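A short write-up of the structure that comes next.
The values are calculated or read from the model by the stated rules, or taken from the named source; none is laboratory data. Note that the structure is a prediction, hence the values are computed from the model and not measured. Cβ sites come from the backbone with ideal geometry, for glycine too, and all protein chains shown count toward neighbours.
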C-alpha cells in the first residue's frame, strides 16, 4: 500500500467516499424537468436586466460560506460587463428544494428574467418547475444531468463531458480499445454509462466492463478480472471511474504489478488525478490521462477573485461567474429574445471562469477541457483546452 494513502487500509467506510464526492458535485437527484422549448421573456437591453441569483444562504455553515463565494463571483463578473447593466437580485434557498421553488417564483414575480442557481439538483429541479410556465430559464450550479432539460440547464462539469473529451483524445491517439473499471456505487454506475456513451459516440471499441464492490477485498479481487478481460479483448486502455480518495491508489499500484504496466497500458481517469496534490507522487499514476478545466483561465479567475476578496474561491463559485458572463454576452447582442432557449444554446458558446463553455439542447453544458498527464510527479498538459467552439454566435 502507499503510505500517503494509509487511511485506505481501513475498510468499507472510507471507500464509500466517491458517493459523497458525487453528491457534492452532482448534487441531490431530482426528477427530469421537461417543459419543452420556450421563448423566454422579452429583454430591453437599454435598461438594467433583472437577474435572480439563488444561493444556499441560510443552510449549513458550509453552505453559507459557499453562498458568499457564489455571490462574490457573480459580482466580479458584473464588473467585467461592458455596455450591459445587470440588476442582480440575490435569494437564499437554505439548500432546500421547497424554499428554492418559492424563491424562484418570487424572483420571477418580482421581474427576474433569468435565474442563476440554485446549487443542489433537487432544488434546481423544483425551481425550474416553479417558473417553467413563465418561460424563464434556470442556469443551475448542479452537474446532475438527470434534472437537465426543458428550462433547466446544469452548468457543472459532468461525467459525460469528461468522458467524451478523454475518449475522443484516446481514439485520436490509438488507444481505441477501452476497458471500463468502475465501482458498483451510484457514482461508478453513472460514470460507466457516460464512458460507454462516449465510446459509442466517438467510434472507439468497448473492450469490456469490470465492476467491484466498495471494499479493499473487492478491489484486490478485481485486479485478476481486469487482467483477464484485457487479455481476452485486446484492450489498450483502462478507464477508471474511481477517485484519489478511494480505490485509485490501490488500482494504480496493483494493476501494473499484475502485468499491466504503464509502459504498455494506457490508464485514463474520470476524476481529477491532481487532487489532492499527493496523488501526483504515486508511481502508478505516472503517464495516466485525465481532464481538467483550462488551467490558464482557472488561474486567472482565481487570482482576480483573491485580489478582490482576499481569499481563494470555492471551485463551484466560478459557475456563478459563468452564468453572469453568458447573460451579459446574450443581452449585449441586443436581441429582445436574448434569454430564450434558442439564444442560450447558440453554438459558439461563452467564455467563463474556467474557459469556454456552451449550453446544449439537452440542458447539459459542454466545457472546453484540457487533457493532462502526470510526469515526474507533476501535471503536464498534453492537449490544451480549446479557446472556442465552432458555430455561429459569440
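Among the candidates 187, 198, 207, 170, the residue that is assigned by TED's automatic domain parsing to the domain that holds residue 244, farther than 22 Å from residue 144 by Cα and surrounded by 23 or more Cβ atoms within 10 Å (Cβ to Cβ) is uniquely 170. Filter the stretch 275-309 for residues that are at pLDDT below 95 and part of a loop (DSSP other than H, G, I, E, B); which is nearest to residue 366 (Cα to Cα)? My answer is 275. For the stretch 211-220, filtering for residues that are in contact with a strand residue (DSSP E or B) (Cβ under 7 Å, 6 or more places away or on another chain) and within 16 Å of residue 253 (Cα to Cα) leaves 2. Here residue 199 does not qualify as touching a residue at least 60 places away in the same chain (Cβ under 8 Å) and within 24 Å of the chain's Cα centre (by Cα). Within the stretch 347-367, can you find the residues that are in contact with a helix residue (DSSP H, G or I) (Cβ under 8 Å, 6 or more places away or on another chain), on the phi > 0 side of the Ramachandran plot and not in a strand (DSSP E or B)? Within the stretch 347-367, just 363 meets the criteria. Look at (1) crowded, with 17+ Cβ neighbours inside 10 Å; (2) at pLDDT below 95; (3) over 24 Å from the mean Cα position of the chain (by Cα) and you find that residue 230 fails only one, number (2). Could you grab me the full set of residues in the stretch 262-271 that are over 11 Å from residue 288 (Cα atoms) and surrounded by fewer than 23 Cβ atoms within 10 Å (Cβ to Cβ)? Residue satisfying the conditions is 264 alone.
Only one entry in 344, 330 is in contact with a strand residue (DSSP E or B) (Cβ under 8 Å, 6 or more places away or on another chain) and either more than 22 Å from residue 275 (Cβ to Cβ) or surrounded by fewer than 24 Cβ atoms within 10 Å (Cβ to Cβ) (or both), namely 344. When residue 336 is tested against the conditions (1) outside the structural domain of residue 77 (by TED's automatic domain parsing); (2) surrounded by fewer than 16 Cβ atoms within 10 Å (Cβ to Cβ), the lone failure is (1). Only one of these is in contact with a helix residue (DSSP H, G or I) (Cβ under 6 Å, 6 or more places away or on another chain) and either in a helix (DSSP H, G or I) or on the phi > 0 side of the Ramachandran plot (or both): 136, 108. Name it. It is 108. Of the listed requirements (1) touching a helix residue (DSSP H, G or I) at 6+ places or on another chain (Cβ under 7 Å); (2) under 30 Å from residue 133 (Cβ atoms); (3) surrounded by 18 or more Cβ atoms within 10 Å (Cβ to Cβ), residue 370 misses just one: (2).
I'm checking my understanding of the structure. Among residues of the stretch 239-261 that are farther than 21 Å from residue 194 by Cβ and touching a residue at least 60 places away in the same chain (Cβ under 8 Å), which one is surrounded by the fewest Cβ atoms within 10 Å (Cβ to Cβ)? Top of the filtered list is 253. Of all residues in the stretch 58-83, none that is farther than 13 Å from residue 314 by Cβ has its Cβ atom under 6 Å from the Cβ atom of a residue that is exposed (fewer than 14 other Cβ atoms within 10 Å of the Cβ) and modelled with pLDDT of 95 or more, 6 or more apart or on another chain.
The residues listed here are 143, 151; of these, the one that is over 17 Å from residue 357 (Cβ atoms), in contact (Cβ under 8 Å) with a residue 40 or more places away in the chain and in the same structural domain as residue 71 (by TED's automatic domain parsing) is 151.
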